[in-house]
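*Asks:* The structure's right below; bear with me while I get my questions together.
The values are calculated or read from the model by the stated rules, or taken from the named source; none is laboratory data. On a predicted model such as this, the values are computed, not experimentally measured, just so you know. Every residue, glycine as well, gets a Cβ built from its backbone with ideal geometry; the counts of neighbours run over all protein chains shown. With ligands, DNA and RNA removed, areas are computed over all heavy atoms of the protein, side chains included. Shrake-Rupley method; radii C 1.70, N 1.55, O 1.52, S 1.80 Å.
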Amino acid sequence: VRLDLEGEANDSVGKGLSGGKISVRPDRRSEFAPHDNVIVGNVALYGAVHGEAYISGIAGERFAVRNSGAHAVVEGVGDHGCEYMTGGVVVVLGETGRNFAAGMSGGVAYVWDPAQVFRSRCNLETVSVGTPDAFQSETLRAMLETHQRETLSPRAAELLARWDDALSEFVLVLPDEYARMLSAKQTQEQEEVAHG
C-alpha cells in the first residue's frame, strides 16, 4: 500500500501503520518553507509496527509514540515525540518539543541539532544522546536520500549537499537497555567467531 499526499493532514496520519509507504508534502504551488510549517497533526504513526513515512514539514505532538518498527523522516515534531517507542527508526530534520523519547526502550532516533539545544528537550531517563557511528551514518544518509526523493524536501536536499558537515550536526538517541542488548549480542557473535 502506498499513500502520497500533496497537501496537509489532520491527526493520526499512519496511526497503527503496519506496512506500506506514506509520503506527505506541501502543495507544489505553495511558497512557504516546509520545515517551518506544520503539515500533519498529532499522534502521527502512533502504534506503528512496520512501513515507512516521509513527511516534508513538521508533525504535531506525540509523533511515533509506541512505534515498534516503522521507519520515518519528519522535519520537526511537537512535544512527546518517540514516547514509549520500542523499535523502528525516526529521523527528525528540525526541532523537537519537550519530553522527547520519554520511556523509549527500543529503536533509534536521529535528530538534526545544529544549535545544540536538543539535549534540554530530551527525556534522558531511559536514553543516551551520542554521535552516530559509521554504520548508523550510512543508515541516516540513506533515509535522507529516500526522504528527498519521496517528498522533494528542500531541507533534505540542503543537508545532503553538504553531507560531511551536516553529519556532525546530528545526534543519535539510543535507549540504554537497547544499547546494552546490542553490545551483548555483538560480544556473543565475536566469541562465536573466535571459537569457531
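*Asks:* So which residues in the range 77-106 are among the β-branched types (Val, Ile, Thr) and either over 12 Å from the mean Cα position of the chain (by Cα) or surrounded by fewer than 18 Cβ atoms within 10 Å (Cβ to Cβ) (or both), if there are any at all?
*Replies:* Thr86
*Asks:* Can you list the strands (runs of 3 or more DSSP E) found entirely within the range 66-140 that contain at least 3 residues being of a type in the set (D, E, K, R) and modelled with pLDDT under 95?
*Replies:* Numbers: elements: 68-74, 86-92, 106-112, 127-130.
Fully inside the range 66-140 and qualifying: nothing.
*Asks:* Let me ask something else about it. Does Glu169 satisfy being modelled with pLDDT of 85 or more and out of contact with any Asp or Glu (no Cβ under 7 Å at 6 or more places or on another chain)?
*Replies:* no
*Asks:* Among the listed residues Ser56, Ser18, identify the single one that is among the polar types (S, T, N, Q), closer than 21 Å to Val111 by Cα and modelled with pLDDT of 95 or more. Let's see the steps before the verdict.
*Replies:* Working: Ser18 fails: closer than 21 Å to Val111 by Cα.
On inspection, the qualifying residue turns out to be Ser56.
*Asks:* What is the residue count in the range 157-196 for residues that are out of contact with any strand residue (DSSP E or B) (no Cβ under 9 Å at 6 or more places or on another chain), part of a helix (DSSP H, G or I), of a type in the set (D, E, K, R) and surrounded by 10 or more Cβ atoms within 10 Å (Cβ to Cβ)?
*Replies:* 5
*Asks:* Shifting gears a bit: Just a yes or no: is a residue in the range 146-156 at pLDDT 95 or above and not in a helix (DSSP H, G or I)?
*Replies:* yes
*Asks:* Then there is this: What tally of residues in the range 16-65 results from selecting those that are open to solvent by less than 40 Å² (accessible area, probe 1.4 Å), farther than 17 Å from Thr151 by Cβ and either without any contact (Cβ under 8 Å) to a residue 24 or more places away in the chain or in a strand (DSSP E or B) (or both)?
*Replies:* Of the residues in the range 16-65, 2 are open to solvent by less than 40 Å² (accessible area, probe 1.4 Å), farther than 17 Å from Thr151 by Cβ and either without any contact (Cβ under 8 Å) to a residue 24 or more places away in the chain or in a strand (DSSP E or B) (or both).
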